[in-house]
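A.B. asks: A single structure is presented below for examination.
The values are calculated or read from the model by the stated rules, or taken from the named source; none is laboratory data. No experiment lies behind these values; they were computed from the predicted model shown. Ideal geometry is used to build each Cβ from the backbone, glycine not excepted, and the neighbour counts take in all protein chains shown. Ligands, DNA and RNA are excluded from the accessible area calculation, which covers all protein heavy atoms including side chains. Shrake-Rupley method; radii C 1.70, N 1.55, O 1.52, S 1.80 Å.
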Amino acid sequence: MTKYQSDRLSVAPMMDWTDRHCRFFHRQLTSQTLLYTEMVTAPALVRGGALHLLGFDPAEHPVAVQLGGSEPAELAAAARLCEEAGYGEVNLNIGCPSDRVQSGAFGAVLMKSPDLVAECLTAMREAVNVPVTAKCRIGVDEQDPEKTLPHFLEMLQKTGITRATVHARKAWLQGLSPKENRDVPPLDYPLVHAMKAAFPQMHLSINGGINTLAEAEAQLAAGMDGVMIGRAAYHDPGLLLHADEVIFGQPPTRRSRASVVKAMRPYIDAHLAQGGKLAQITRHMLGLFTGRPGARAWRRVLSQEAHREGAGLEVLDRALTALPESSLAA
């Protein structure tokens, strides 16, 4: 368990999406949900010295970092850098459907090398005091998930890993693009549920195709310890607005989407004062009013105006004025 006890719901690490601005925005919607960074490669940190990739606002806690890599010593060194940066958890990517980076194999292809994964995770665990976790698929390519997944989880458990997230789809490393790997392979929730029954001592979260808090509740009711939501939380971030109440049993929130926008203003203002661009933040906010009257106008104003030179908080104000009162109150 993380020291934050926020494992019941998390937002998935998503490349080009869950950067520090996105995470700060999501934190205005939910105080309890565990947030993950984009995947950061161990070579970039250890060999490239790209420590800026680990920057985050303390307000993002509870927040975890996901690492990519396949060299045990390098991953251990990267994990130490992550712990020093203040992250409360270090996660190893064993699920990304991309089979190679400069340092060699990483992501889902590692499911074909469980012994190497065990070495990597052992090195990481011995290097840090914060929890080390894993995110994997049910299998890759021609593997039989009903045989591969239990053996893989057994390996994780023997390595001392007590928490893992399982994306309930196989990854096809040949023939499908990373994008297709998020949609084409069929979901197998029953298999992941069976793994929870087979490994009761492990904290297992399920990922893949979960789009609402109601669906997350159903997965928890089915026995899963946690649920990880991915693209739905990005495209419709408003679903996180009631996560603290629905998933974590907190008192009903008084936050509205408009109050979230207001809470973002000081953060945006500070970013602009440091030379940042408005669109670097507002691109993550486009879906805030999804499903509400005026959502299209909100998106249009931000999409058309936030990229302009010198764009500031007045663009945010114009986007809000395009919304009816009913959307501002919700």
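A.B. asks: Where residues in the stretch 293-330 are in a helix (DSSP H, G or I) and small (G, A, S), which of them is most open to solvent (accessible area, probe 1.4 Å)? Reasoning before the result, please.
C.D. replies: Step one: filter the stretch 293-330 for residues in a helix (DSSP H, G or I), giving 295-305, 313-321, 325-329.
Among the residues that remain, those that are also small (G, A, S) are: 295, 297, 303, 319, 326-327, 329.
Details: A295: 9, A297: 18, S303: 61, A319: 0, S326: 65, S327: 0, A329: 82 Å².
For the stretch 293-330, the residue satisfying everything is A329.
A.B. asks: If a residue has to be more than 16 Å from L110 (Cα to Cα), over 17 Å from the mean Cα position of the chain (by Cα) and of a type in the set (D, E, K, R) to count, how many in the stretch 35-75 make the cut?
C.D. replies: 1
A.B. asks: Related question: Can you tell me which residue in the stretch 235-266 is surrounded by the fewest Cβ atoms within 10 Å (Cβ to Cβ), limited to those that are in contact with a Gly (Cβ under 7 Å, 6 or more places away or on another chain) and assigned to a helix (DSSP H, G or I)? Quick ask: steps written out before the conclusion?
C.D. replies: Step one: list which residues in the stretch 235-266 are in contact with a Gly (Cβ under 7 Å, 6 or more places away or on another chain), which gives 235-237, 257.
In the following step, the residues that additionally are assigned to a helix (DSSP H, G or I) were identified as 235, 237, 257.
On the way: H235: 13, P237: 25, R257: 24.
Result: H235.
A.B. asks: Follow-up. Filter the stretch 46-79 down to residues that are surrounded by fewer than 18 Cβ atoms within 10 Å (Cβ to Cβ) and under 26 Å from V140 (Cβ atoms), then give me how many there are.
C.D. replies: Residues flagged as surrounded by fewer than 18 Cβ atoms within 10 Å (Cβ to Cβ) and under 26 Å from V140 (Cβ atoms) within the stretch 46-79 amount to 1.
A.B. asks: May I ask you to say which residue of G275, G238, G249 is touching a Lys or Arg at 6+ places or on another chain (Cβ under 8 Å) and among the small types (G, A, S)?
C.D. replies: Unique residue meeting the criteria: G238.
A.B. asks: Which helices (runs of 4 or more DSSP H) does the stretch 40-146 wholly contain that include 2 or more residues that are in contact (Cβ under 8 Å) with a residue 60 or more places away in the chain? Quick ask: steps written out before the conclusion?
C.D. replies: Numbers: elements: 42-46, 72-85, 114-127.
Fully inside the stretch 40-146 and qualifying: 42-46.
A.B. asks: If you go through the stretch 80-130 one residue at a time, how many are open to solvent by 20 Å² or more (accessible area, probe 1.4 Å), closer than 17 Å to E38 by Cα and modelled with pLDDT of 95 or more?
C.D. replies: Adding up the residues that qualify gives 4.
A.B. asks: OK, next. Starting from the stretch 147-164, keep only residues that are farther than 12 Å from P114 by Cβ, then list their pairs with residues that are open to solvent by 80 Å² or more (accessible area, probe 1.4 Å) and in a helix (DSSP H, G or I) whose Cβ atoms are within a distance under 6 Å, requiring at least 6 positions of separation or different chains.
C.D. replies: G160/R125
A.B. asks: Checking T133 against (1) under 19 Å from A198 (Cβ atoms); (2) open to solvent by 10 Å² or more (accessible area, probe 1.4 Å); (3) among the polar types (S, T, N, Q); (4) at pLDDT 95 or above, which single condition isn't satisfied?
C.D. replies: (2)
A.B. asks: Among the residues of the stretch 250-301, count how many are touching a His at 6+ places or on another chain (Cβ under 9 Å), polar (S, T, N, Q) and more than 15 Å from C22 (Cβ to Cβ).
C.D. replies: Residues flagged as touching a His at 6+ places or on another chain (Cβ under 9 Å), polar (S, T, N, Q) and more than 15 Å from C22 (Cβ to Cβ) within the stretch 250-301 amount to 2.
A.B. asks: When residues of the stretch 202-212 are filtered for being closer than 15 Å to D7 by Cα and touching a helix residue (DSSP H, G or I) at 6+ places or on another chain (Cβ under 7 Å), how many remain? Talk me through it step by step, then tell me what you get.
C.D. replies: Our first condition is that a residue be closer than 15 Å to D7 by Cα; within the stretch 202-212, this holds for 202-207.
Subsequent filtering for residues that are touching a helix residue (DSSP H, G or I) at 6+ places or on another chain (Cβ under 7 Å) retains 202, 204, 206.
Of the residues in the stretch 202-212, 3 are closer than 15 Å to D7 by Cα and touching a helix residue (DSSP H, G or I) at 6+ places or on another chain (Cβ under 7 Å).
A.B. asks: If you go through the stretch 179-225 one residue at a time, how many are in contact with a Leu (Cβ under 7 Å, 6 or more places away or on another chain) and of a type in the set (G, A, S)?
C.D. replies: Residues in the stretch 179-225 being in contact with a Leu (Cβ under 7 Å, 6 or more places away or on another chain) and of a type in the set (G, A, S): 3 in total.
A.B. asks: Within the stretch 194-234, count every residue that is more than 18 Å from the chain's Cα centre (by Cα), buried (at least 18 other Cβ atoms within 10 Å of the Cβ) and over 20 Å from P131 (Cβ atoms).
C.D. replies: Of the residues in the stretch 194-234, 0 are more than 18 Å from the chain's Cα centre (by Cα), buried (at least 18 other Cβ atoms within 10 Å of the Cβ) and over 20 Å from P131 (Cβ atoms).
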